[in-house]
Amino acid sequence: MKYAFPDSFWWGSASSALQTEGAREGETTWDYWFAREPNRFHNGVGPQQTSTFYQHWKTDIQLLKQLNHNSFRTSISWARLIPDGIGEVNPEAVDFYNQVIDELNEQGITPFMTLFHFDMPMAMQEIGGWENRDVVDAYARYAQICFELFGDRVLHWFTFNEPIVPVEGGYLYDFHYPNVVDFKRAATVAYHTVLAHAQAVRAYRAGHYAGEIGIVLNLTPSYPRSQNPADVKAANVADLMFNRSFLDPVLRGEYPADLVALLKSYDQLPACKPEDGFLIAEGKIDLLGVNYYQPRRVKCRDSAVNPQAPFMPEWFFDSYEMPGRKMNPYRGWEIYEPGIYDILVNLRDNYGNPRCFISENGMGVENEQRFIENGQINDQYRIEFISEHLAWLHKGISEGCNCLGYHMWTFIDNWSWCNAYKNRYGFIQLDLATQKRTIKKSGEWFAATALNNSFDRE
Ligand code: BGP
């Protein structure tokens with residue numbers, strides 16, 4: 001069967017500043033944490049050793065072109081642009097981003113720009129990070145500076161990438177700095193992130209810039225083990241906490257009443273100001289980026305909660321390992337392709353069918369060198385992964401979902417937070433010793449699919 005996509009469908013990939021550029025003047029929480037606890041990072045590889053995009057941006061953009069990208073998302077590093085987060089703008093950073101943006105446009109690759117992809121300037125973290133409303137204001141200033149500097153040539157902006165991840169990693173589950181376990185502080189961080197988002201949207205609207213503004217959310221559809229009411233209730237709480245905590249404010253301009261009531265009943269609500277509601281209502285977006293990697297399967301808890309244990313989302317559900325689930329064993333994530341369709345249908349039916357696109361989807365695999373044939377990684381598994389997801393995405397579009405494109409994570413193998421270079425995601429293989437780039441089989445497949453705006457499959 002031939003899967004053809006709408007005209008002007010966005011074909012591309014995503015990356016982020018910290019994971020690709022390499023070291024910079026302004027320190028981030030990642031540099032700080034790595035210097036103190038290198039053992040927390042796979043093979044002790046830190047954020048200085050990334051895929052050297054800062055040096056190779058021009059030839060890397062040539063490679064994007066070779067992969068027939070018509071669009072590409074990366075992020076601006078707040079710490080590179082404004083090393084202390086709030087003060088002077090670094091002119092070298094302005095030159096760098098200007099060059100990248102201009103080259104992308106010249107090559108016919110539409111730049112999509114994220115303002116914050118997990119990379120908090122250390123100076124901002126030192127005053128409390130997202131727990132401090134001064135950091136919210138500093139972020140809004142940074143966003144406004146980016147709009148002024150680059151807004152004439154960047155027409156698709158994203159305030160945050162996966163804003164729930166720093167909440168989970170930094171304040172609940174101990175996989176990002178500052179390694180706090182405290183639900184109320186996590187809720188405050190999440191709430192202030194929404195306020196920061198809304199302030200950036202407000203600034204963008206006030207400046208009457210030519211493009212559009214959105215956010216990128218990692219949506220994990222919550223599937224109950226069964227239709228037993230206890231399982232369904234558990235899945236609903238997981239959905240409220242991990243999806244709707246950001247989805248509702250940015251698409252509906254308000255928080256779900258059920259979420260507010262739940263947190264209130266456990267005394268976990270962050271401090272709110274009366275004017276916040278108006279600001280959040282102004283934060284409604286033009287375009288939603290959806291990152292989809294895995295579903296979340298849940299069941300009701302089998303045991304009572306330990307009242308001495310810290311209050312956690314898991315007070316309301318257990319994760320459920322469905323027998324027979326298909327796994328990506330390297331990352332430990334389930335692969336469930338219909339999830340991409342379920343997300344789109346949910347957006348269509350419950351959120352007014354917003355303009356959206358798949359902003360990340362991908363498969364990290366360890367030790368890909370074992371698949372080298374005639375000098376090239378033959379990553380057939382990745383081609384399968386993409387085409388199966390695209391088939392479900394295609395079904396969504398044919399049923400009226402407003403999905404405008406598909407971006408893969410990622411372009412060139414890059415540095416992956418605590419996993420460093422363990423799992424490779426790229427269309428292009430990176431040789432860490434020489435920095436040599438070699439297109440994988442999946443890169444060629446994607447280039448052909450983007451060129452034809454379609455692919456064939458049985
Ligand atoms: C997303 C992030 C990316 C990227 C990707 C792969 O959550 O937006 O930055 O890293 O996941 O995940 P990981 O690197 O954890 O394997």
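Since every read-out is calculated from the coordinates, none of them should be taken as a lab result. Just so we're clear, the structure is a prediction, and the values are computed from it rather than from any experiment. With ideal geometry, Cβ positions are generated from the backbone for all residues, glycine too; neighbour counts draw on all protein chains shown.
So the values come out like this:
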item: Listed peptides 392-399, 339-346 by packing density, highest first (mean Cβ within 10 Å); result: 339-346, 392-399
item: With 5 Å bins from 0: P(r) over the stretch 385-458, alpha-carbon pairs, percent; result: 3, 13, 21, 21, 15, 12, 9, 4, 1, 0
item: The stretch 344-443: proportion of alpha-carbon pairs further apart than 16 angstrom, %; result: 60 percent
item: Separation between Cα centres of the stretch 79-98 and the stretch 226-305, rounded to whole Å; result: 35 Å
item: The chain: antiparallel DSSP beta bridges as a percent of all, rounded to 5; result: 30 percent
item: Globularity index of the stretch 4-112, i.e. its alpha-carbon radius of gyration over 2.2 N^0.38 Å; result: 1.21
item: Relative packing of 355-362, 320-327, 11-18, which averages over residues the other C-beta atoms within 10 Å, highest first; result: 11-18, 355-362, 320-327
item: Candidate lysines - alpha carbon under 24 Å from LYS436, same-chain residues fewer than 8 apart omitted; result: LYS58, LYS65, LYS422
item: For the stretch 172-227, diffusion coefficient by Stokes-Einstein and Kirkwood Rh (Cα), 37 °C, 0.692 mPa s, µm²/s; result: 226 µm²/s
item: Residues with amide H under 5 Å from that of ARG297, placed H, sequence gap 5 or more; result: TYR223, TYR320
item: Footprinting exposure proxy for ILE439, ILE386 (fewest neighbouring C-beta atoms within 10 Å first); result: ILE439, ILE386
item: Contour minus Cα-Cα distance for GLU444 and GLN49 (0.36 nm per residue); result: 139.5 nm
item: Computed magnitude of the charge dipole of the stretch 1-79 (debye, nearest 20; Cβ of K, R +1, Cβ of D, E -1); result: 260 debye
item: Reduced Cα scattering model of the stretch 222-356, Debye log10 I(q)/I(0), q = 0.16, 0.18, 0.22 Å⁻¹; result: -1.00, -1.19, -1.41
item: P(r) of the stretch 95-243 over all Cα-Cα pairs, binned every 5 Å from zero, in whole percent; result: 2, 9, 16, 18, 16, 14, 11, 8, 4, 2, 1, 0
item: Considering only the stretch 334-458, percent of DSSP beta bridges that pair antiparallel, nearest 5; result: 70 percent
item: Three-way shape label, the stretch 25-78, alpha-carbon gyration tensor, a/c 1.5; result: prolate
item: Ratio Rg/Rh, restricted to the stretch 52-135 and using Cα atoms, in which Rh is the Kirkwood radius; result: 1.06
item: Bins of 5 Å from zero: percent of alpha-carbon pairs in the stretch 115-157; result: 5, 21, 27, 22, 13, 10, 2
item: Residue (of ASN98, THR193, ASN68) at the positive-pole extreme of the stretch 2-456, dipole from beta-carbon charges; result: ASN68
item: Average projected area [Cα convex hull, the chain], square nanometres; result: 21.5 nm²
item: Peptides ranked, highest mean first, by Cβ atoms within 10 Å: ranges 168-177, 306-315, 125-134; result: 168-177, 125-134, 306-315
